[in-house]
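Colleague: Sharing a structure, written as structure tokens. Questions coming.
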Amino acid sequence: MSEPKIRLRGLAKSFGPKLVLDGVDLDIRAGHSMVILGGSGSGKSVTLKCILGLIAPDAGTIEIDGRDVATLSRADRRALNDRIGMLFQNGALFDSLPVWENVCFKLLAQKRIARGAARDRAAEVLAQVGLAASVGDLYPSELSGGMQKRVGLARAIAAEPDIIFFDEPTTGLDPIMGAVIDGLIVDCVRRLGATAVSITHDMASARRIGDDAAMIHKGRIVWTGAAASLGQTGNAMVDQFARGEREGPIEMELRK
Amino acid sequence: MRTPRRLDRVLDLTAALGRGVIAMLRGIGGVALFAAEALSHVVRPPFHGRLFLRAFVEIAWFSLPVVALTAVFTGMVLALQSYTGFARFNAEGAVANVVVLSITRELGPVLAGLMVAGRIGAAFAAEIGTMRVTDQIDALHTLSTDPVKYLVTPRILAGTLALPLLVVVADILGVMGGWLIGTQQLGFASGAYLKATFDFLQPWDVISGLIKAAAFGFIVTLMGCWCGYTSGGGAQGVGRATTAAVVASSILILAVDYVLTALMFSR
């Protein structure tokens, strides 16, 4: 088996007395799309933030292309970030900048493109996510939720990264717009030949965008397998989660 | 039974005091490291000139009306107060000297600093705080951009350079306010008032005020950025950050004013 693109081993993280990640082990294959499933507070977002370098884990290793990211210098970490794209749950667009500057932010910040050429590049990338070039002149506050997600996607792919992260890409969208965004994600990831990592609790979305899937529960990976098999994995936890059943091994922590 | 209970209370009080002191020291250390990092980017490319200019215009140009009005009215009040006060021992002639010295050395920089703290410190804390709670700062990281270099350094540099300019304007308008009251209400001859003003004024009086202004500009922008950068807890957290930025900046301005005055004028 070839070397995984991203390898997590024994990843642990606590916030005060609360243990959020309790030894996460996960391999993500190069050029494939991995979906990490899990309920609210299960540690999905923290895992993603650890890989992105936004949170330092308390223990464990994160390897990308065989290199332990904890040992990277600041310059090497920046170089790694240059190859990473990220779509945030709420878009996280810069509201002081017009859409075209948001889309080409990384290219402009690294002076990989002149400001004049950036408008054309933004129009090109906006077209890839189904938006007209005229949207480039609007500000994020003038866009609908679905359009903000598309602009966020355009920003994530504008620098042609080889790893793309998606944080709950369909949350807050109607089912049709959710399917549209999923379709765009699949198209973009295939076109770039990128490795994708998505976190979601939307099962339809997970099946549409994932090649592989992993389930995280109480800070541990409890199952990995093919995304297509979700709902009939034979793992009681995953099947309960996929079917959205109240009864099963996963018990919601409700105060009675 | 009484003694252990009393001992418990003393220990609880000591522990609470200790926690407070540690939190304060941690805060001071955090601000110091944050400031050092922001300043280190002043000499490390890439530079964000466009963001510096935007912040400079925001601070220097858009704060001008409020600083100008404050300076004019302060100069007018100062002339009236010193005239009526000094009349008690026949020293009305010193009004022009008192006005120019008070404005250039003290009131110009301090009042401009406090006005800018209310306007700019709060705005920076709210803007950066909102960026923090909406993941925009995390987005900067993922877009290979250092958030401190991008958000903080241009603002601090702009504040440190803009406030002295605002104080030059405040000095001129403050003296004008005094002159206006002196000549129109208190019966001074215009030429004599201005001669008394400029004969008495030393370059160091103005320069010391400008040094203070640069320090206050640094403090206001640093605290605005720090409070916003470290905010959390949604809209309520941003509100708290905004209040903290204004309160901390105002107190620090007054404290640093004393320290700088002691350093520059103590004999």
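Where a number appears in this text, it was derived from the coordinates with a stated rule and is not lab data. Every value quoted in this text rests on a predicted model; they were computed, and no experiment measured them. Cβ coordinates were reconstructed from backbone atoms using ideal geometry, including for glycine residues, and neighbour counts include every protein chain displayed.
Colleague: Calculate for chain A the 222 nm mean residue ellipticity that helices alone would give, adding -39,500 (n - 2.57) per DSSP H run of length 4 or more and normalising by residue count, nearest 500 deg cm²/dmol.
Modeller: -10000 deg cm²/dmol
Colleague: Between the range A:14-57 and the range B:132-188, what is the separation of their alpha carbon centroids in Å?
Modeller: 42 Å
Colleague: If you don't mind, there's one more thing I want to ask. May I ask for the angle, rounded to the nearest 10°, between helix A:175-192 and the longest principal axis of chain A, with both axes built from Cα atoms and the value confined to 0 to 90°?
Modeller: With both axes taken from Cα atoms, the answer is about 80 degrees.
Colleague: Here's a follow-up. Take the Cα radius of gyration of the range B:1-40 and divide it by 2.2 N^0.38 Å, with N its residue count; two decimals is plenty.
Modeller: Here the Cα radius of gyration is 1.93 times the empirical estimate.
Colleague: Continuing with this model, one more query. At 24 angstrom or more along the helix axis (alpha-carbon based) and mean Kyte-Doolittle of -0.5 or higher, what helices does chain B contain? Whole DSSP H runs only.
Modeller: B:2-40, B:64-86, B:153-184, B:203-229, B:234-265
Colleague: Moving on to the next point. Quick one: P(r) of the protein assembly as shown from all Cα-Cα pairs, 20 Å bins, percents rounded to integers, in order of increasing distance.
Modeller: 19, 41, 26, 12, 2
Colleague: Given all pairs of different Cα atoms, what value in angstroms does the Kirkwood hydrodynamic radius of chain B take?
Modeller: 20.6 Å
Colleague: Now, a different point. Please give the helix A:145-157 orientation as an angle from the longest Cα principal axis of chain A, in degrees from 0 to 90, rounded to the nearest 10.
Modeller: On a 0 to 90 degree scale, this one is about 80.
Colleague: If you take every DSSP beta bridge fully contained in the protein assembly as shown, what fraction is antiparallel? Give it as a percent rounded to 5.
Modeller: Restricted to the protein assembly as shown, the bridges split so that about 55 percent are antiparallel.
Colleague: What is the distance, in nm, between label points placed 7 Å from the Cα along the Cα-to-Cβ direction at B:Leu69 and at A:Ser229?
Modeller: About 7.1 nm, to one decimal.
Colleague: Further question on the same structure: Taking every pair of alpha-carbon atoms in the range A:124-256, what share in percent sits in each 5 Å bin, from 0 to the bin with the longest distance?
Modeller: With a bin width of 5 Å, the distribution comes to 2, 9, 18, 19, 17, 13, 9, 7, 4, 2, 0.
Colleague: A further question follows. Dividing the convex hull volume of the alpha carbon atoms of chain A by its residue count, what do you get in Å³ per residue?
Modeller: Considering the Cα atoms of chain A, their hull volume per residue is 144 Å³.
Colleague: While we're looking at this one, here's another question. Regarding the range A:191-254, what are the three Cα extents along the principal axes, ordered largest first, in Å?
Modeller: Each principal axis gives a Cα extent; for the range A:191-254 these are 43, 23, 17 Å.
Colleague: Could you compute the net charge surrounding B:Gln81? Neighbours are other residues with a C-beta less than 15 Å from the C-beta of B:Gln81; K and R count +1, D and E count -1.
Modeller: -1
Colleague: Sticking with this structure for a sec: In terms of modelled amide H atoms, which long-range or inter-chain residues lie less than 5 Å from the amide H of A:Ile164?
Modeller: A:Gly85, A:Thr195, A:Ala196, A:Val197
Colleague: Near A:Leu19, within a Cβ-to-Cβ distance under 12 Å, what is the net charge of the other residues, with Lys and Arg +1 and Asp and Glu -1?
Modeller: Surrounding charge for A:Leu19 is +2.
Colleague: Turning to a different aspect of this structure: Rounded to the nearest 5, what % of the DSSP beta bridges within the range A:128-256 are antiparallel ones?
Modeller: 55 percent
Colleague: Can you tell me, using C-alpha contacts under 8 Å and at least 6 residues apart, the relative contact order of the range A:156-251 as a whole percent?
Modeller: Averaging sequence separation for qualifying contacts and normalising by length gives 20 percent for the range A:156-251.
Colleague: Please give the Cα centre distance for the range A:199-244 versus the range A:76-102, rounded to the nearest Å.
Modeller: 28 Å
Colleague: Given contacts defined as C-alpha pairs under 8 Å and at least six residues apart, what's the relative contact order of the range B:137-254, whole-number percent?
Modeller: Contact order relative to length: 30 percent.
Colleague: Report the relative contact order of chain B, percent, no decimals, based on alpha-carbon pairs under 8 angstrom and at least 6 residues apart.
Modeller: 30 percent
Colleague: While we're looking at this one, here's another question. Direction-averaged shadow area of the convex hull around the Cα atoms of the range B:1-104, nm²?
Modeller: Quarter of the Cα hull surface area: 14.9 nm².
Colleague: Also, I was wondering about something else. Pairs A:Lys44/A:Lys149; A:Lys5/A:Lys111; A:Lys18/A:Lys49; A:Lys13/A:Lys149; A:Lys49/A:Lys218: which exceed 25 Å Cα-Cα?
Modeller: The pairs that break the limit, which is 25 Å between Cα atoms, are A:Lys5/A:Lys111; A:Lys13/A:Lys149.
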